[in-house]
Structures are given as C-alpha cells and as structure tokens.
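Beneath this line is the structure, given in structure tokens, with notes to follow.
The values are calculated or read from the model by the stated rules, or taken from the named source; none is laboratory data. What you see is a predicted model; the values in this text were computed from it and never measured. Note that we place each Cβ from the backbone using ideal geometry, even for glycine, and neighbour counts take in every protein chain shown. For accessibility, only protein heavy atoms count, side chains too; no ligands or nucleic acids. Shrake-Rupley method; radii C 1.70, N 1.55, O 1.52, S 1.80 Å.
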Amino acid sequence: MTDDIISYRRKIKGAILMWLVRLSAGLICLLLAGLILCILKKGLFNITWELISSTPSLLKGTTGILPNLLNTFYIILITLVVVLPLGVGAAVYLNEYVKNKTCVKITELAAETLSGIPSIIYGLVGMLIFVQFCSLQTSLLAGSLTLAMMTLPTIIRTTQESLKTVPDSYREGSLGLGSGKWHMIRTVVLPSATDGIVTGCILAVGRIVGESAALLFTAGMANELLGIREALSPGGAGSTLTVAMYMYAKERGDFDTAFAIAAILLFLTLTINLSAKLAAGLLKKGN
Amino acid sequence: MRFPLQSNTLAVIHIQKKPVRENPLSDISEAIVHALLAICGFVAVAFVILITVFLVVSGVPAIREIGVFDFLLGTRWASTASEPAYGILPFILSSVYGTAGAVAIGVPPGILCAVFLSKIADRRTSAIVGGAVGLMAGIPSVVYGLVGMIVIVPAVRSIFGLADGANLFSAILVLAVMILPSVISVSETALAAVPKEYEEASLALGATKTETIFRVSIPAAKSGILASVVLGVGRAVGEAMAVMMVSGNVPNMPSLFKSVRFLTTAVASEMSYSSGLQRRALFSVALVLFVFIMAINLMLDLVIKRDKK
C-alpha cells in the first residue's frame, strides 16, 4: 500500500543511495582484506626462527630482526615508565585538584594540540631537544622521551575520562572516614579508574609500535643487539621494527624481510586492538 | 588543691588542641604531592611551548637568510647544488594538492561507510565492519607505504603507461586509504549522536529511510562530519613515511604523474645528511609545516565549538 504512494523517482534515488552506502562499506572491508592478504602472502613464509632469533650479519649473509624486536620492547618500556606518572598525574591534578576552569581548558587545549602535531615534527623537535640540547645523542632514551611527549595526550585523556566516571560518593565516603586527599586518591579514586589507565597504556603501546617518523632521527637506524644497560645509556642507538622495515624496503630493497616485519607488525596491531577491547570490557565488568 | 586542678585543665586543653590526624607529617606530604601533581598538570602546556620555541628559534634564521619571498614562493629547491636554491613552493603545493586529492577520494566513501555503521547495519555487521576500521587505524604508516610501494606504484605505472609509478597520484591513493579510519570513526560518532526524534519526525512526515538519512541525519551531524574531514586533512598533511615510500621524492612542481616531495618528506629525506644552511632551511620547512598544522587545529577547534553552540 505505502509503496504506491512513493513515486518511482524517489524509490530509484533511494535504492541507488542505499547501494552506494553498502558499496562503500564493502569497499572498505575489501581494502582491509586485500591489505591483510597481501601482507600475509608475501610475509608469512619469510618469518623463520632464524629471522626472529638472530642479528643481521654480513659475514654469514643472514638477516635477523632480534635487535629490532628488543629495541621495540625497550622503547615501549621506557616510554611508559616516563609517560605514565606524568599523564596519570596530570589527569588526577586536572580532575581532583584544580577548581579553576580556565586552567583545565588550557591544559586540555595543549593536549589536543599535542595530539594533532605530526610525528615527523616530534622527530625533529626530539632531535633538537633530547639528542642535541640534552646531549643524549642518537639513542633509545632520546627516542623514548620523544614518544613520551607524543603519547602524553592519550594517557591524559583516557585517565581523565575514567576519573570522571568515579562517583563522588566514593570520594565523600573516603574523606568522611578521615583520610587525607592524597590517601583518598591513591586508595579509592585511582583503583576505580584502572580501566581508563590500562586502555590508555594499550593505545599508547599501539602508537609506539607503529611509530617511525619520530624515531628516525632520535633513536637511529642501528641494528645492533643492546643489553638493558646500553639501552638506558646515551648513545645506545637502535631501530625499532617499523624503522627497520622502512630501511629494508626503501634503502636495501629487501622486500622479503620487509614483508616479514610487516606481517609481525600486523599481528601486533591485531593483538593490541583486541586487548584494548578486552581490557575495557573486563574491567568494566569488574567494577 | 589548685595545682592538680590546673594541670587537669591543661590536660583537657591539650586534648582539644591535638590535630585530628595522627601523623603530623601528612600535611607536608599532602602539600608535596599537590605540588608534584601540579607540575604534571602543566607538562602538556610546557611541551607545547617547548616545541613551538625550539621550532621558531631554529627555523626563523634560515628564512631570514634566504628571504621570506624567495623561501616561500621560490619554485626551485636545489639544496646540494653548487649554487643552492631554497624555494619550498613545490613542497607546499604538493602537500596541498596531495591532501586535497586524498580528501576528494577518501571522504565520500568514508562518510557513506559511517552512515552504514550508524544507521543501516545490524549490531553484528556493525561490530565486524567497525572492528575492521579500528584495525585499519592501528596499522603502522610504514606498512601502508610498503603495500603502496609493491601494489599501487606498479599498478599506476602499468595502467597509465608511465616510466615510473612513484608520483603524486600514488601518494594521493595511499593517503586516501590512510585518512579513511579517522573520517569514518568521527563521522559515525556524530551521526549516532543525532537525536532519534529528528529521524522519527521525518519518517512520520512520510520521508523514506534513505531520504531521512540524507536530508535529516547528515545535515544534523554536519559539524561532526566536518570535524572528521578536518581531522583527515590533518592526518594527510602530517603523514611522512608512507608518502616518502610512494611519491618518488623529487622536488618537482606538483603534477599528477610527476614525482613530488611533500613538506613532511622534505624534512625526512634530507635531515640525515644535511649541514649548514641546508639543515637550517629544513628546520624552516618544519616550521612552515607546523604553522599549517596549527591552522588546521584552530579550524578543528572552531568547528567543534560551533557544534557545541
């Protein structure tokens, strides 16, 4: 009945638009599927135990990405150690201490600005500040500090969001029982905001794993195996997986290794995405 | 008799004066924690100031030396020639054209996909497609660059019969794919926030579902969709590694099938071996890029503010 009221022109127009909508959603899924298949097809068979357990050696003519795997791990660790206290502290300060709205606005604007700055500029500024000005030389430390600047807004935002969801009655209860402000934050507020902090960490790890432009001039392109002490000292330079992949593809034309690293990166991204979702779901249920 | 009484009174006064908390140090530690947290609170502001100061201080001298007009409007960049020229107009135009092209190709399917996710798909399909978009957002830019290098560059070369497929067109295609996730997720949020009453009213007045989506929901979510486009512009302007791998990296004036160099790749490609004025000129290029990004951020802020009003 109602169909007859609508003219053919309207029906056809509607159908075309609807198909365009479905088409573009399908196109995006196809793009992703193509991307994944292409990487897996070219990369999966090149991931060998030798590749992930050895260092590159001209003498033996082998390539290995163990140093890059380790460097990625070091950089994630150092960056989180630096950025977590700063970011969580900033979020706590903004949410629990500041009463002046302008202060909060200024900091939020700054965080927004930071998250909009492209990574190549972070790389350049990191080089100027940490490598040259603080004379850390090209090192994992300089790279991590640069990435700490970059991931700070993520940690602040996620922590702040979950701090806002902690009910005021928790705070009142704690204060009413006679605890000091910091004691209240440490024992009541922060534990209830764990989900935001963990999500922030996972998102930050995702950004760190995928970052390359910011690390090119700060952490360097070396492929040497570093111990934890060397990784923490100035001059301990090393490339992460992404930077190494770029070097293999662009500078050496070794696409087999590049695609193997790409497949590993894809796997890491998938894991990080899934764990972010899982963490958010699990922690919400726990609350 | 008076003496013990007095001591008794004193004792009472003493009890009353005793602080509520047991630990006399707690006030001091509270103040220390407050100060430390305050420092953390302003670290973000300090970072922004630090970045701006370092970029301005290291970027301005070369612009002065070269001359503002010669630098910004010069069409020739030959930093290693015997008579070096430092004109960055090719970089600026490449960045502008590349971004415009990526937005033109990437935004329409992005918005349509957001419509699909927020209005048409059932919960399960929406979760699957949404997960795919999330995964796309997380894939490192070098991976996009690598696939572009191996798939898109040769395809562009053979389809258009070119000598080299690494050109502006390939860069536009890669950037278009890379801005999709941000366009989709922000537009989707905006579309999902449109009040149900608007759509119900439209349906009740006899509009079809499609008409409701395109004539009511999308106009109502206009600011959010615009914000997603501006965000995409920001991502495209700032992308360095993927572009570096597919654009050919030659400082030509931009043309669709010529190798080009963007503002971002200009900084990345010469920094490692630069020195003297060339190095300082690269800092100036970064300063110009920074100004671009700041302008885009400002625009984003205005769009969002208008939305809130």
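Per residue of peptide A:91-97, the mean number of Cβ atoms on other chains within 10 Å of the residue Cβ is 4.
Between the amide H of B:W77 and those of B:G87, distances stay under 5 Å, these residues lying 5 or more places away or on another chain, with hydrogens modeled in the peptide plane. Pairs of Cα atoms nearer than 8 Å and 6+ residues apart set the relative contact order; for chain B it is 24 percent. A 1.4 Å probe, protein heavy atoms only, puts the accessible area of B:R306 near 140 Å². With all protein chains kept in place, the per residue accessible area of the range A:2-46 amounts to 72 square angstrom at a probe of 1.4 angstrom. How high is the relative contact order of chain A, given as a whole-number percent (alpha carbon pairs under 8 Å, six or more residues apart)? Relative contact order here is 26 percent.
Using the average count of surrounding beta-carbon atoms within 10 Å as a protection proxy, the listed peptides A:107-120, A:165-178 rank, highest first, as A:107-120, A:165-178. Counting Cβ atoms of other protein chains within 10 Å of each Cβ in B:223-230 and taking the mean gives 0. A 1.4 Å probe over all protein chains sorts B:I139, A:I16 by accessible area into A:I16, B:I139, starting with the largest. With θ taken as phi - 60° and the Karplus curve 6.51 cos²θ - 1.76 cosθ + 1.60 applied, the whole-hertz 3J(HN,Hα) list for the range B:229-240 is 5, 4, 4, x, 4, x, 5, 5, 5, x, 6, 10 Hz, x standing for glycine and proline.
Within the full protein context, the accessible area of A:L282 is estimated at about 110 Å² for a probe radius of 1.4 Å.
With the helix formula -39500 (n - 2.57) applied to DSSP H stretches of n ≥ 4, chain B reaches a computed 222 nm mean residue ellipticity of -23500 deg cm²/dmol. Measuring between alpha carbons in the structure, the pairs from A:K101/A:K164; A:K99/A:K181; A:K13/B:K305; A:K164/A:K277; A:K250/B:K258; A:K105/B:K119 lying more than 25 angstrom apart are A:K13/B:K305; A:K105/B:K119.
Heavy-atom accessible area for A:R252, with the other protein chains in place and a 1.4 Å probe, reaches approximately 130 Å². Computed from backbone phi with θ = phi - 60° and the Karplus coefficients 6.51, -1.76 and 1.60, the 3J(HN,Hα) list for the range A:127-135 is 5, 5, 7, 7, 6, 8, 5, 8, 6 Hz; x is used for glycine and proline.
The accessible-area ordering, largest first, of the residues A:I155, A:I202, B:I28 stands as B:I28, A:I202, A:I155, per a 1.4 angstrom probe. Partner shielding of A:29-35 amounts to 5, given as the average count of beta-carbon atoms from other chains within 10 Å of each residue beta-carbon.
The residues of the range A:51-286 have, on average, 41 Å² of accessible surface per residue, using a 1.4 Å probe with all protein chains present. Put a dot 7 Å past the Cα of A:S53, heading toward its Cβ, do the same for A:Q132, and the two dots end up 4.4 nm apart. Database remark: amide H of B:N167 closer than 5 angstrom to no amide H (H placed geometrically; neighbours at sequence offset of 5 or more, or on other chains; Pro and chain starts carry no H).
Between B and A, buried accessible area summed over both sides at probe 1.4 Å, in Å² to the nearest 100? Looking at B and A, the buried total is near 6600 Å².
The helix-based estimate of mean residue ellipticity at 222 nm for chain A, built from -39,500 (n - 2.57) per DSSP H run of four or more residues and divided by its residue count, is -22000 deg cm²/dmol to the nearest 500. Our coupling estimate for the range B:176-183, obtained by passing each phi through the Karplus curve with A = 6.51, B = -1.76, C = 1.60 and θ = phi - 60°, is 4, 5, 6, 7, 3, x, 5, 4 Hz, Gly and Pro reported as x. When A:W182, A:W19, B:W77 are compared by accessible surface with a 1.4 Å probe, the order from highest to lowest is A:W19, A:W182, B:W77. Protein heavy-atom surface of the range B:231-309, 1.4 angstrom probe: 63% of the accessible area is carbon and sulfur, with nucleic acids and ligands not counted. Apolar share of the accessible surface for the range A:51-286: 65 percent from carbon plus sulfur atoms, 1.4 Å probe.
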